[in-house]
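Here is the structure we will look at, set down as structure tokens.
The values are calculated or read from the model by the stated rules, or taken from the named source; none is laboratory data. Everything numeric here is computed off the predicted structure, so don't read it as measured data. Cβ atoms come from the backbone with ideal geometry, glycine included; neighbour counts cover every protein chain shown.
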């Protein structure tokens, strides 16, 4: 301690400002410390940045890999589904060609005839309801659909309304002896047969002995419910063939008229085909009148397009 005091006294004798020296020394020490600290901070910062960069790069590579894997899986699914659709299309096309070929060669021999029967039964099960929808109940003109060639546009409007009415549940419209059919229900039935309602025109029509009057204010067809005399004749139809051509479904029919009293079976012209008919129409189908009922494909359904007499 004595030596420090002595040294200080010597500095003071020399006229040197000791506070300035101390301040300068502190400044040098502070600068040295800050420099070292700055270097340490820079080192640590670079080290952390390097680690972070490696982590980001690793995550980025993983994300790219994951994205590429998802894209490959997605492409594989598309290719697989496309192949299934393509195969089904080929199968459908092949089946259609086989069915058409069988129908074209139906008369070649007994084996082909048996194959035709199988295909015909399949078509009947699938499409017979279309033919069942084409019916009338006209007391004064029972054979209307069979007398002349017809198209959807040439069928009389009253007959179209009659056909539409025949598809409805008639009992649901009877109340206290009055039949009232809402126009919208008849129009929906009309569309099931003809595929559109552009040609629909409301007017009076009949069903057997029941006469409907169209009421515009009520938007309904109204009639008095009456008990009609039982029809003495029945139209018999035998489906002999069904073919698909482009967008058309063609039914080939043999048609006869059965008298329910004397059981005589006649053709449309009234010629007797068989007396005492015994319900075996297959044996006499080739002797009956021949017709084509042609349905046109539209909006995923078939609708009547033409009725032609071919024999």
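Scanning the stretch 189-219 for residues that are touching a helix residue (DSSP H, G or I) at 6+ places or on another chain (Cβ under 6 Å) and in a strand (DSSP E or B) gives 205, 207.
Restricting to the stretch 164-178, count the residues that are assigned to a helix (DSSP H, G or I) and farther than 23 Å from residue 303 by Cα. Show your work before the answer.
Start the filter on the stretch 164-178 by keeping residues that are assigned to a helix (DSSP H, G or I), which leaves 164-166, 170-173.
Narrowing the set further to residues that are farther than 23 Å from residue 303 by Cα leaves 171-173.
Residues that pass the stated criteria total 3.
For residues that are within 21 Å of residue 132 (Cβ to Cβ), touching a helix residue (DSSP H, G or I) at 6+ places or on another chain (Cβ under 6 Å) and surrounded by 19 or more Cβ atoms within 10 Å (Cβ to Cβ), tally how many sit in the stretch 164-188. The qualifying residues number 3.
If you go through the stretch 247-261, how many residues are over 22 Å from residue 309 (Cβ atoms) and either crowded, with 16+ Cβ neighbours inside 10 Å or modelled with pLDDT under 90 (or both)?
Step one: list which residues in the stretch 247-261 are over 22 Å from residue 309 (Cβ atoms), which gives 247, 260-261.
If we keep only those that are either crowded, with 16+ Cβ neighbours inside 10 Å or modelled with pLDDT under 90 (or both) as well, we get 260-261.
Of the residues in the stretch 247-261, 2 are over 22 Å from residue 309 (Cβ atoms) and either crowded, with 16+ Cβ neighbours inside 10 Å or modelled with pLDDT under 90 (or both).
The residues of the stretch 130-152 that are at pLDDT 95 or above and either farther than 17 Å from residue 291 by Cα or part of a strand (DSSP E or B) (or both), listed by number, are 150, 151.
When we screen 159, 255, 181 for residues that are assigned to a helix (DSSP H, G or I) and either more than 30 Å from residue 274 (Cβ to Cβ) or under 36 Å from the mean Cα position of the chain (by Cα) (or both), the only hit is 159.
Based on this model, can you work out whether residue 120 counts as farther than 30 Å from residue 222 by Cα and modelled with pLDDT of 90 or more?
Numbers: farther than 30 Å from residue 222 by Cα: yes; modelled with pLDDT of 90 or more: yes.
When the stated conditions are applied, residue 120 passes them.
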